[in-house]
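Report on the following structure.
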Amino acid sequence: MKNKLLIIGASGHGKVVADIALRMNKWQNVAFIDDNKNITTSMGLEVIGTSEEVSLHINDCDIFVGIGNNVLRQSVHEKLEASGASIPSLIHPDAIIGSQVNLGIGTVVMARTIINCGSIIGKGCIINTASTIDHDNYIANFVHLSPGVHLAGSVTVGQGSWLGIGSVVSNNVSITGGCTMGAGAVVIKDVTEAGVYVGVPVRRV
Ligand SMILES: CC(=O)SCCNC(=O)CCNC(=O)[C@H](O)C(C)(C)COP(=O)(O)OP(=O)(O)OC[C@H]1O[C@@H](n2cnc3c(N)ncnc32)[C@H](O)[C@@H]1OP(=O)(O)O
């Protein structure tokens with residue numbers, strides 16, 4: 001671990017990421033990188049350059065991708081990882097993490113989230129505010145669980161899927177990669193084809 005943290009992305013999601021990093025109190029300095037040259041500060045923190053300049057900071061900073069879009073976050077994260085960057089995981093002090101939970105690098109766990117025992121969370125995931133992941137879930141890489149998502153026991157969510165705000169998944173259900181579940185969706189059976197799903201119970205749109 002380094003004593004500086006650089007967050008790639010200074011807009012909405014990046015700001016929440018920075019807030020969590022500051023509350024963790026592990027880094028002496030937290031700053032942003034952003035490709036919008038008009039943004040010079042965010043959250044009172046300095047924006048020190050664009051993504052082209054990230055390589056200049058790899059030796060002296062931990063680096064975290066604070067980009068909400070799953071595809072873009074995956075692409076930036078994978079380049080960083082390949083270049084040997086030190087990528088932390090970030091956990092809000094008010095999150096509750098059970099025993100035998102594994103969290104991948106580049107994953108952020110936001111306030112009031114609960115992850116119960118035996119769950120595995122991949123890398124580059126967003127476990128957003130007040131979501132719950134019950135026991136023995138498997139969340140693959142680059143998934144976003146929006147605020148207030150509730151996953152029952154033994155749920156699987158495949159790579160890059162995005163579950164919209166307030167969506168709910170029943171126990172033992174598996175959602176394949178590349179899915180979008182709309183706000184308030186309820187998933188009661190396996191979803192085996194990538195696509196956009198909405199409603200209670202979900203239908204593909
Ligand atoms: C901190 C944060 O902000 S994290 C981000 C949280 N944000 C969210 O959770 C947003 C989730 N996004 C949604 O729910 C979106 O509506 C999506 C992604 C599911 C669909 O968006 P689009 O692809 O633009 O679809 P579009 O708006 O054209 O809707 C297609 C159809 O699905 C319906 N639909 C869309 N969303 C929903 C929903 N959540 N529940 C029920 N029906 C829905 C529409 O009414 C429309 O139906 P119709 O064809 O009968 O008219």
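The values are calculated or read from the model by the stated rules, or taken from the named source; none is laboratory data. Just so we're clear, the structure is a prediction, and the values are computed from it rather than from any experiment. Note: ideal-geometry Cβ built from the backbone for every residue, glycine included; neighbour counts use all protein chains shown.
The conditions are (1) in contact with an Asp or Glu (Cβ under 6 Å, 6 or more places away or on another chain); (2) at pLDDT below 95; (3) within 16 Å of the ligand (Cβ to nearest atom), and ALA10 fails exactly one of them. Which is it?
Going through (1) in contact with an Asp or Glu (Cβ under 6 Å, 6 or more places away or on another chain); (2) at pLDDT below 95; (3) within 16 Å of the ligand (Cβ to nearest atom) one by one, ALA10 breaks only (2).
Tell me which residues, restricted to the range 168-179, are part of a strand (DSSP E or B) and surrounded by 19 or more Cβ atoms within 10 Å (Cβ to Cβ).
Across the range 168-179, the qualifying residues are VAL168, VAL169, ILE175.
Just checking, how many residues over the range 50-81 are under 23 Å from VAL109 (Cα atoms) and either surrounded by 21 or more Cβ atoms within 10 Å (Cβ to Cβ) or away from the ligand (no atom under 16 Å from the Cβ) (or both)?
Residues flagged as under 23 Å from VAL109 (Cα atoms) and either surrounded by 21 or more Cβ atoms within 10 Å (Cβ to Cβ) or away from the ligand (no atom under 16 Å from the Cβ) (or both) within the range 50-81 amount to 17.
Of the residues ASP190, ASP134, which is of a type in the set (D, E, K, R), away from the ligand (no atom under 16 Å from the Cβ), more than 11 Å from the chain's Cα centre (by Cα) and crowded, with 20+ Cβ neighbours inside 10 Å? Full working, then the answer.
Working: ASP190 fails: crowded, with 20+ Cβ neighbours inside 10 Å.
Answer to the selection: ASP134.
Would you pick out the residues in the range 41-89 that are closer than 30 Å to ILE165 by Cα, of a type outside the set (S, T, N, Q), touching a residue at least 12 places away in the same chain (Cβ under 8 Å) and not in a strand (DSSP E or B)?
Those that are closer than 30 Å to ILE165 by Cα, of a type outside the set (S, T, N, Q), touching a residue at least 12 places away in the same chain (Cβ under 8 Å) and not in a strand (DSSP E or B): MET43, GLY66, ILE67, GLY68, VAL71, ARG73, VAL76, HIS77, LEU80, GLU81, ILE87, PRO88.
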